[in-house]
Amino acid sequence: MLFRNEFYKICSRKILFTGVLLGFLFLAAYFQMSALGSESAYVDGTCLRRTDAIQYNRETARRFAGPMTREKAQAIVDEFGWHINEDELEMSETGDTTPGYYDNSTSRFVTYNLSNIRSNEGTPTALAASENKYTEEMMNGEYEYGYMGGWDDTFREMHMMLLWIVAALVIIACAPVFSEEYAGQTAGILLTTQNGKGKTAAAKILAAFTWAAGIYVLLTLFLVGAFLCFYGTDGLFVSAGLSFPDLITGSVLWNTDSHKPTGIVLLLYLMAGLLSVLVTAAITLFISSVKKSTFSALLWSAAAYLLPAAIYSVFLLGMRVSKVIMLLRLLFNSLPFFLPLHELTSTPVLYRLFGYLFSGCILVSGCVLGCRKYCRYQVGK
């Protein structure tokens with residue numbers, strides 16, 4: 001009964017319903033304009049866009065699916081040539097080029113990841129030389145190639161926006177949980193009831209966590225469903241190191257995620273996103289238990305989420321590397337704003353485990369301290 005009442009209290013706030021609706025609309029619009037809008041392919045000079053380009057790219061990539069090798073990469077170059085940026089092409093008003101030009105996601109992958117484009121002033125002439133160990137590793141036959149459209153940086157970008165939307169909704173939902181009762185002077189009365197101490201606080205925290213996890217899962221399912229409908233499942237079976245090249249630069253002794261299927265790595269990434277959402281809820285609940293004003297709790301919670309990211313980006317990244325700076329970077333990267341990104345970069349496993357343990361400690365501490373502060377409200381502590 002207590003949990004149901006507290007959960008209903010959160011869900012009944014109109015601002016949250018409006019925020020969820022706006023979140024859905026924003027993600028749908030951005031998906032249409034940015035994700036689908038950026039898809040293109042050229043077939044004999046004719047420009048394909050959006051879903052037509054996706055279909056053509058999928059069909060082309062299937063022809064070269066399987067272990068990526070130097071011979072396969074060379075065959076792709078021989079058939080389609082190198083990718084040329086659109087601003088360097090002579091295009092008609094319809095976006096078409098002169099006949100004979102071919103370009104697709106497969107040729108773009110080879111151009112940007114397997115050629116000597118970085119050492120040849122932006123114009124590729126051949127596959128990368130053997131001294132480029134990361135590129136050579138991509139062509140040694142240990143990585144599964146396939147259509148990666150959507151399930152790479154496009155999905156990461158969309159999901160990061162989703163996380164920011166969910167974080168805002170969680171802060172708005174959790175900030176009033178305790179502070180609203182302080183402001184309305186009802187906390188003292190509720191704490192004297194039969195279930196006042198302990199059970200009421202636990203019900204509030206459980207309801208807040210249920211709402212936070214539920215809205216994250218709901219929006220994530222919406223996003224994943226959209227990608228499945230338009231991009232299919234092809235990219236989920238590609239080696240993660242090809243979808244996210246940063247994984248390959250990690251030490252082999254610490255990071256083996258680059259050989260795993262992209263779907264497995266993205267699943268871990270989504271689970272890390274759920275943890276970051278719950279940590280955000282725990283921090284907000286603790287602040288709510290301390291502040292007597294809902295507006296004050298809202299501002300402090302937003303600052304707790306955004307300020308570490310600003311400090312890290314503006315100050316810590318530009319400082320000379322030292323043990324203290326490395327420790328501070330480790331701690332800041334373990335906070336909700338950055339936490340999920342560990343799974344898509346070459347972050348060592350031990351580094352990631354520390355981040356998850358640190359976040360888990362924040363989650364438990366926020367709940368325990370928030371519950372304790374609320375239950376002792378009567379005695380002015």
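At a glance:
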| quantity | calculated |
| --- | --- |
| Farthest toward positive dipole pole in the stretch 40-145 [+1 Lys/Arg, -1 Asp/Glu at C-beta], among PHE80, TYR145, VAL110 | TYR145 |
| Full-extension gain in nm, LEU316 to GLU157, via 0.36 nm per residue minus C-alpha separation | 54.9 nm |
| Among GLU180, GLU137, GLU93, residue whose mean-square fluctuation peaks in a GNM of the chain (springs only between Cα atoms under 10 Å) | GLU93 |
| Between helix 2-11 and the chain: long-axis angle, C-alpha atoms, 0 to 90°, nearest 10 | 50 |
| Gain on full stretching of the segment that runs from LEU22 to THR123 - 0.36 nm per residue minus C-alpha separation | 32.0 nm |
| Residues with amide H under 5 Å from that of CYS47, placed H, sequence gap 5 or more | ASP96, THR97 |
| Scaled radius of gyration (Cα, divided by 2.2 N^0.38 Å) that the stretch 40-145 gives | 1.09 |
| Cα-based convex hull volume of the chain per residue, rounded to whole Å³ | 161 |
| Candidates GLY23, GLY318, GLY37, ranked by Gaussian network fluctuation over the chain, Cα under 10 Å, top entry | GLY318 |
| Simple spin-label estimate for LEU206 and ASP246 in nanometres, 7 Å along Cα-Cβ | 3.8 |
| Cross-link table LYS199/LYS292; LYS72/LYS133; LYS14/LYS373; LYS204/LYS292; LYS9/LYS292, entries beyond 25 Å C-alpha to C-alpha | LYS14/LYS373 |
| Helical contribution to [θ] at 222 nm, DSSP H n ≥ 4, -39,500 (n - 2.57), averaged over the chain, rounded to 500 | -19500 deg cm²/dmol |
| Distance in nm between pseudo-label sites at SER296 and GLU71 (7 Å out along the Cβ direction from Cα) | 7.3 |
| Cα Rg, Dmax, the stretch 1-74, angstrom units | 22.4, 66 |
| D_trans [Stokes-Einstein, Kirkwood Rh over alpha-carbon pairs] for the stretch 262-381, 10 °C, 1.306 mPa s, µm² s⁻¹ | 102 |
| When the stretch 96-166 is reduced to its Cα atoms, the Kirkwood hydrodynamic radius in Å | 14.7 |
| Length added when fully stretched, CYS11-GLU93, from 0.36 nm per residue minus Cα-Cα | 24.5 nm |
| Selected from VAL265, VAL224, VAL166 as most flexible by GNM, with the chain as the system and alpha-carbon contacts under 10 Å | VAL224 |
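Taken together, the values in this text are just the output of simple stated rules run on the coordinates, not laboratory data. Quick caveat: nothing in here was measured; it's all calculated off a predicted structure. Ideal geometry is used to build each Cβ from the backbone, glycine not excepted, and the neighbour counts take in all protein chains shown.
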